[in-house]
1. How much accessible area per residue does segment 1-84 have, in Å², with a 1.4 Å probe?
2. Choose one of His76, Val176, Thr147: the residue whose Cα lies farthest towards the positive end of the charge dipole of the chain (beta-carbon charges +1 Lys, Arg; -1 Asp, Glu; about the Cα centre).
3. Along each of the three principal axes of the Cα atoms of segment 10-64, give the extent in whole Å, ordering the values from largest to smallest.
4. Whole number please: convex hull volume per residue of the Cα set in segment 62-107, in Å³?
5. I'd like the accessible area for Leu19: 1.4 Å probe, protein heavy atoms, all chains in place, Å² to the nearest 10.
6. Per q in 0.18, 0.20, 0.23, 0.25 1/Å, what log10 I(q)/I(0) does a Debye calculation on the alpha-carbon atoms of segment 121-200 return?
7. For segment 65-87 and segment 139-191, compute the distance between their C-alpha centroids and round to whole Å.
8. Counting other Cβ atoms within 10 Å, keep those with at most 14, restrict to DSSP loop, and tell me which chymotrypsin sites (Phe, Trp or Tyr not before Pro) in segment 157-211 are left.
Amino acid sequence: RGGAGGRQQTSAGFAQMTLAPAPAWTIVAGARVDRWESHNQVTDADRDETSPSGRVAVAWQASGAWSVRGSVYRAHRTPTLNELHRNFRVGDTLTVANDALAPERLTGGEASALWAAGRASARATLFATTLDEAVANVTLSTTPTLTTRQRQNAATGRSRGIEVEGEWRLDARWSVGGQATVTRAEFAGGAAGLDGLDVPQVPRYQAAVSA
């Protein structure tokens, strides 16, 4: 609630179940339902949305050293008060709100293999996600003194990649580790000019070391 031009209320319910059909197998399933209500204080119009989401994960302890995991999931994000109602300007660029924005919806999955023996462990994970109705700033008009943009459900975003991580425990007090991720995140379809472009603020390569 605030002075941005609207009011939102969200309520949700969540349930999770864990099954162990065999000693080496574990299945976890979760479901969530969100109820979103939005009121435009300028037009006195109301909107509401009910969005289910869920996740299923399966783990298999293949041997004493090896385990394999996989999961699929679906989630959503409702637009914020800022995106729906707040205009802002930076220099000669004006970004206008859009009270007709729809929620973003994410569908994804990942699979990983973990090896752990003695003081060392390593994991490799493949992942892929699709973001439908992605909110992006779309240029409406351009003049020598002003560029006007609007937040719109402009495109589909796709992300896929691999993450590799490892750790070596030197003794009871010390361990060293490392992680590297390669991600390809780009827009597909949607507004003119976005198709094939990289998603902002998602680096292609990431790496870290720790001690």
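The values are calculated or read from the model by the stated rules, or taken from the named source; none is laboratory data. The model shown is predicted, which means the values in this text are computed figures rather than measured ones. Note that we place each Cβ from the backbone using ideal geometry, even for glycine, and neighbour counts take in every protein chain shown. The accessibility values were calculated without ligands, DNA or RNA, using every heavy atom of the protein model including side chains. Shrake-Rupley method; radii C 1.70, N 1.55, O 1.52, S 1.80 Å.
1. Spelled out: the 1.4 Å probe surface of segment 1-84, per residue, equals 63 Å².
2. Among His76, Val176, Thr147, the one farthest towards the positive end of the dipole of the chain is Val176.
3. Computed over segment 10-64, the largest-to-smallest principal extents equal 62, 15, 11 Å.
4. On the way: hull volume 5.9 nm³, N = 46.
About 129 Å³ per residue, rounded to a whole number.
5. 80
6. Normalising to I(0) and taking log10 leaves -0.79, -0.88, -1.01, -1.09.
7. Result: 13 Å between the Cα centres.
8. Passing sites in segment 157-211 are Trp174.
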